[in-house]
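Here the structure comes first, spelled out in structure tokens, and everything after it is commentary.
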Amino acid sequence: MPSETASVANTDDASNDVYFRCFNGCEGRYSVFEVMYRCPKCDSLLEVHHQREPLKRKSAAQWKEILNSRASTTKWPYGSGVWGMKEWVIPSMDSENVVSMNEGNTNLFWADRLGQQLGVPDLWIKLCGNSHTGSFKDLGMTVLVSVVKQMMTMKDNPVKAVACASTGDTSAALAAYAAYAGIPAVIFLPAGKVSTAQLIQPVSNGAHVLALDTDFDGCMKIVQEVTQDSSIYLANSMNSLRIEGQKTVGIEIVRQFNWEVPDWIIIPVGNLGNISALHKGFQLMMDLGVIDKMPRLVAAQAAQADPFYRSFKNNFKEKVAVTAGETLANAIRIGDPVSYDKAVAAVKATHGIVEQATETELAQAAAQADLTGMYCCPHTGVAMAVLKKLVADGTIKKSDRTVVISTAHGLKFTDFKVNYHESKLAMDCTMANPPKYLPADANAVKDEIAKRLES
Ligand SMILES: *Cc1c(COP(=O)(O)O)cnc(C)c1O
Ligand SMILES: [Zn+2]
């Protein structure tokens, strides 16, 4: 039987407190600075594990104070929402190797009017799209690229570049962080299946962008083959380093509520990394006594790409994979999600729910939210539509505090907005609000305004 610590690479003392281990429970600890993505014994995903004892040397009150105090600091690297929790993320990271553009600390705002309309007045939106590349993917990439940068300073380092398959936002984040660090990035995109903004982001950041004639799941297969060779480091969420950065969003939400836990968190899901991350952050806070209850997590899927919903409907008896159909929510167009096991654990442990939304439902929900001041990406539209369903069927109660995680900025999805408001989507775009074209004539303008404000 291998000794428990045999394979810990000797980076520094803290690596004994934080290490990769098999998510499926096999024995073995591996350094987070080693190039590996799966358990060498059973091939299941790894997870970064933080020994609880060293962290418990500080009380819950002390941790809260530390995290509160860093939320507004300029002291490197703690001003980042991710690295403000460095001890909970990668404690053995050298601060000079941190690759950060002050991601995180995104706004959590009260959706007053929308909440009133839907009958849940305590409704909040966590705007993860207000971030460097416009999606929550920045949270994970700062961790992954930082670790790669540190690996590159180590003796016998094999890594020369980073690579990912992407539905659009992962590649934008990887390309930006890699460019910031000066590390080459190789991007695999399904040709014609990402938005213009998503395509041009990695192009602008100087990544090697390869558009393949397949879907995301096809790109994922290719990138896994290409990264067999450890000179190219895999940056998909199968790589559990990303989960470490993304888990900070749940911690941040609780901090923003002055350490109170909301009743529900609704999150749009595709590859299932982000919901796994959310759960992992909450579990850590539970174990450290920072919180004493879990929120109920709701995974929101597009009906066109709903393998997780189908698995939920069969009580998670078996994993379902589908060929993902075309959906406006292109970042969650995934038929065979990688982080399935972790997400099942997340839903089970939080008494969670998986629900889905059709194309019409997601577009209408996004348009409705926009009319109350938001600017929802289609994935956030999926979450909004699921919220509406759960309120309508009485699952979410009027007094419940609910947070919707908005995963990307609507500005990345201009085509979606334009097509809706030009009524070009294959549905009744009942809230379409196209501009009115008029001659430059004051009387015509006055008539039009009068007509509109009257009704
Ligand atoms: C990546 C992404 C998701 C899905 O996250 P997973 O971790 O793949 O479940 C949802 N929304 C947006 C905008 C994304 O970019
Ligand atoms: Zn294993």
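The values are calculated or read from the model by the stated rules, or taken from the named source; none is laboratory data. Quick caveat: nothing in here was measured; it's all calculated off a predicted structure. Glycine gets a Cβ as well: all are built from the backbone with ideal geometry, and neighbour counts include every protein chain shown. Ligands, DNA and RNA are excluded from the accessible area calculation, which covers all protein heavy atoms including side chains. Shrake-Rupley method; radii C 1.70, N 1.55, O 1.52, S 1.80 Å.
For the reader, a short list of remarks on this structure follows.
- For the listed residue pairs 389/417; 388/412; 280/424; 41/317; 56/160; 64/221, the alpha carbons are over 32 angstrom apart in 280/424; 56/160; 64/221.
- Simple spin-label estimate for residue 424 and residue 210 gives 3.2 nm between the two label positions (7 Å along the Cα-to-Cβ direction from each Cα).
- Computed on the Cα atoms alone, the convex hull of region 18-77 gives a volume of 120 cubic angstrom per residue.
- Between region 25-64 and region 419-455, the C-alpha centres lie 56 angstrom from each other.
- Helix-only mean residue ellipticity at 222 nm for the chain, each DSSP H run of n ≥ 4 adding -39500 (n - 2.57), per residue, nearest 500: -11000 deg cm²/dmol
- Of the GluC sites (Glu not before Pro) in region 82-163, not one is in a loop by DSSP (not H, G, I, E or B) with at most 14 other beta carbons within 10 Å.
- Projected-area average for region 288-392 over all orientations - Cα convex hull basis, square nanometres: 7.9
- Percent of Cα-Cα distances greater than 38 Å, calculated over the chain: 21
- Virtual paramagnetic centre 7 Å along Cα→Cβ of residue 72, amide N under 18 Å, in region 218-252: 252
- Note that region 172-257, at 25 °C in a medium of 0.890 mPa s, gets a Stokes-Einstein diffusion coefficient of 171 µm²/s from its Kirkwood radius over C-alpha pairs.
- Looking at the chain, the accessible area is 41 square angstrom per residue; that uses a 1.4 Å probe and ignores ligands, DNA and RNA.
- A simple spin-label model places the labels of residue 436 and residue 263 4.2 nm from each other, with each point 7 Å out along Cα-to-Cβ.
- Between residue 160 and residue 60, full extension at 0.36 nm per residue minus the direct alpha carbon distance yields a gain of 32.0 nm.
- Each peptide in 194-204, 387-397 receives the mean, over its residues, of other Cβ atoms within 10 Å, and ordering these scores from highest gives 194-204, 387-397.
- Look at where the Cα atoms of region 112-139 and of region 362-387 average out, and the two centres are 10 Å apart.
- Listed residues 275, 353, 222 arranged by accessible area, highest first, probe 1.4 Å: 222, 353, 275
- Considering only 403, 354, 141, and ranking their Cα positions along the charge dipole of the chain that arises from unit charges at the beta-carbon of Lys, Arg, Asp and Glu, the one farthest toward the positive end is 403.
- Farthest positive-ward along the chain dipole, Cα basis, beta-carbon charges - from 238, 220, 111: 111
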